[in-house]
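The structure under discussion appears below in the form of structure tokens.
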Ligand SMILES: [Zn+2]
């Protein structure tokens, strides 16, 4: 009997040894969920605002801006899957319109989706209120349109969350978002992944900035190869350092509340609209602002 067990043990060892590197990428932990209220349009993120999104000590929420991008977003989705991390993607409308299949893939993998305007003008303060509102409205519409053919539960991945390009907010626009029960999401820290620095430098800056605050929302860009390059290593380093990950999701009922608002930004695209109308192409004055600290 002993020899049979020993033989089985050897067989098991051989079998395990022949497996791909799956064992080392098994989930060390799941992502927790943080419910974020959006009623009245609160703003979150200690870099700009008094309020944080309710993350616990050593909890980090990963957020990715400016996609979807066919070169980099799929790789980032695979890395997040391998590490069992759920994140939030703040999408740009024109990219969502161009790559709707990636929008649906982000939703199908269980991530939260927020929006980040139609065409990413760097500073909405330089636009007329009407143009700026159209930028925001079309950003939501483009993502909703991309998700309109997705299963119901995936369509619900679009949260009433908005992030200003360059984090350049404006009081009148935030009041307008508030009337539509859309929360503004800023961050606690960035990693300069939009700058011309190496992947290793992005990782170093992320770790340094996270350590200095201890918890919060990290802003990254799923359009940057350097971000995809360092992401797996960053997640592993954070976990090794005792951090865990949290996914920002709308508080229960927040989506419905936003959709029931007067002149809503969510729920504005109905399924019957899909073939009839494309979001209007924005005609906008160019931004006068040079590159800002965060894009
Ligand atoms: Zn951006």
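The values are calculated or read from the model by the stated rules, or taken from the named source; none is laboratory data. These numbers were taken from a predicted model, which means no experiment stands behind them. Cβ: placed from backbone, ideal geometry, glycine included. Neighbour counts: every protein chain shown.
Only one of the numbered conditions (1) at pLDDT below 95; (2) assigned to a helix (DSSP H, G or I) is violated by residue 80, and that is (1). Has the stretch 248-267 got any residue that is within 16 Å of the ligand (Cβ to nearest atom) and either modelled with pLDDT under 95 or in contact with a strand residue (DSSP E or B) (Cβ under 7 Å, 6 or more places away or on another chain) (or both)? No, every residue in the stretch 248-267 fails to be within 16 Å of the ligand (Cβ to nearest atom) and either modelled with pLDDT under 95 or in contact with a strand residue (DSSP E or B) (Cβ under 7 Å, 6 or more places away or on another chain) (or both). When the stretch 163-191 is filtered for residues that are free of Cβ contacts under 8 Å to residues at least 60 places away in the same chain and either crowded, with 24+ Cβ neighbours inside 10 Å or within 16 Å of the chain's Cα centre (by Cα) (or both), the ones remaining, listed by number, are 164, 191.
Residue-by-condition table, conditions (1) in contact with a strand residue (DSSP E or B) (Cβ under 7 Å, 6 or more places away or on another chain); (2) closer than 25 Å to residue 50 by Cα:
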residue	(1), (2)
135	no, no
143	yes, no
169	yes, yes
180	no, yes
184	yes, yes
229	no, no
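Tallying residues that are touching a strand residue (DSSP E or B) at 6+ places or on another chain (Cβ under 7 Å) and either without any contact (Cβ under 8 Å) to a residue 12 or more places away in the chain or in a strand (DSSP E or B) (or both) within the stretch 203-227 yields 6. Hey, does the stretch 186-199 have a residue that's outside any loop (DSSP other than H, G, I, E, B) and more than 20 Å from residue 54 (Cα to Cα)? Taking every residue of the stretch 186-199 in turn, at least one turns out to be outside any loop (DSSP other than H, G, I, E, B) and more than 20 Å from residue 54 (Cα to Cα). Looking only at the stretch 141-154, decide whether some residue is over 16 Å from residue 98 (Cβ atoms) and within 14 Å of the chain's Cα centre (by Cα). No, the conditions are met nowhere in the stretch 141-154. Exactly one residue out of 218, 234 is modelled with pLDDT of 95 or more and away from the ligand (no atom under 16 Å from the Cβ): that is 234. Is the stretch 101-111 home to any residue that is closer than 16 Å to residue 219 by Cα, in a loop (DSSP other than H, G, I, E, B) and within 16 Å of the ligand (Cβ to nearest atom)? No: zero hits. The condition of being assigned to a loop (DSSP other than H, G, I, E, B), at pLDDT 95 or above and either in contact with a helix residue (DSSP H, G or I) (Cβ under 7 Å, 6 or more places away or on another chain) or surrounded by fewer than 23 Cβ atoms within 10 Å (Cβ to Cβ) (or both) holds for only one of 46, 54, that being 46.
Anything in the stretch 83-99 that is in a loop (DSSP other than H, G, I, E, B) and farther than 16 Å from residue 135 by Cα? List them, or say none. Listed by number, the residues that qualify are 83, 84, 85, 86, 87, 99.
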